[in-house]
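Have a look at the structure below, then the notes.
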Amino acid sequence: MELKHVEKNAHKKAGAAPLQEAPPQPKKPAPTQPAKPAEVAKKPPKKALEGNQWYIENYGKEVLQFQGEDVEPNYGFALIKCQDTTVVIDGKCKTIMLENCQNIKIVCSSILANIEVLNSKKITVTIRETCPQFNIERSQGIHLYLFPSAKGCKVHSTCSQSMVVHYPLEGAGEDDEWLDIAIPETNVTQIKADKLVSEALEGME
């Protein structure tokens, strides 16, 4: 009689269910690239006299000159969003205002009211004759050049940095060097005789 070879544990394997393959894992979606912000179209430059106000907007590297009938004692000049622009105002005007400008040079003769610099950087202003008041607000890198007759100008500064006034000594000649004096940016405040007194840190002993 022929013997039949029986595999060990064959009775267990015979009843075992066939192994099932694990379902494929879903592929992760590729990371999406953030959309690039749309470029803001640069507005064309504008130079227009509206009423008694000159509007100079969106100018680039250019020299603008105003003289003769373009400059009157009741005229104001407003520079807005200009960069690398030089403006020469030859005559007597009421005000000059710069807002959101960068790397601007202003050369003017006589200002009846004031000059204002707002939210701007790297501004150079030269006053050849007179200007009662110069206001600086939220700006930095301001250089103010005052000729002898303009040395009475009062400078008001708020939340601004790197402000320098340049002026000649009394009796100085045309070839003499000017002084370069930084405007204090830090104040010390304390109560004195029941009054709140603030002094510039650079001016304290």
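The values are calculated or read from the model by the stated rules, or taken from the named source; none is laboratory data. On a predicted model such as this, the values are computed, not experimentally measured, just so you know. Note that each Cβ is placed from the backbone with ideal geometry, even for glycine, and that neighbours are counted across all protein chains shown.
Points to keep in mind about this one:
- Checking each residue of segment 66-84 against the condition of being closer than 19 Å to C131 by Cβ, β-branched (V, I, T) and assigned to a strand (DSSP E or B) gives no match.
- Qualifying residue in segment 112-121 (condition: more than 18 Å from A150 (Cβ to Cβ), part of a strand (DSSP E or B) and small (G, A, S)): no
- Leading residue by the ranking (nearest to the chain's Cα centre (by Cα)) among those in segment 166-205 that are small (G, A, S) and outside any loop (DSSP other than H, G, I, E, B): A182
- Criterion violated by D90 - all others in (1) surrounded by fewer than 19 Cβ atoms within 10 Å (Cβ to Cβ); (2) on the phi < 0 side of the Ramachandran plot; (3) out of contact with any Ser or Thr (no Cβ under 7 Å at 6 or more places or on another chain); (4) not basic (K, R) satisfied: (3)
Listed here are the residues, each with its yes/no results for (1) within 26 Å of the chain's Cα centre (by Cα); (2) at pLDDT 95 or above.
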| site | (1), (2) |
| --- | --- |
| N9 | no, no |
| A30 | no, no |
| P34 | no, no |
| A41 | yes, no |
| V71 | no, yes |
| A78 | yes, yes |
| N100 | yes, yes |
| I111 | yes, yes |
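- Hits in segment 50-69 (condition: surrounded by 14 or more Cβ atoms within 10 Å (Cβ to Cβ) and either at pLDDT below 95 or aliphatic (A, V, I, L, M) (or both)): I56, L64
- Scanning segment 114-128 for residues that are in contact (Cβ under 8 Å) with a residue 24 or more places away in the chain and over 18 Å from L64 (Cα atoms) yields one hit, V117.
- Answer from I142, I106, I127, I123 - the residue that is more than 12 Å from the chain's Cα centre (by Cα) and under 15 Å from L79 (Cβ atoms): I106
- One residue from S120, S149, S160, S139 being within 25 Å of K92 (Cα to Cα), surrounded by 17 or more Cβ atoms within 10 Å (Cβ to Cβ) and at pLDDT 95 or above: S120
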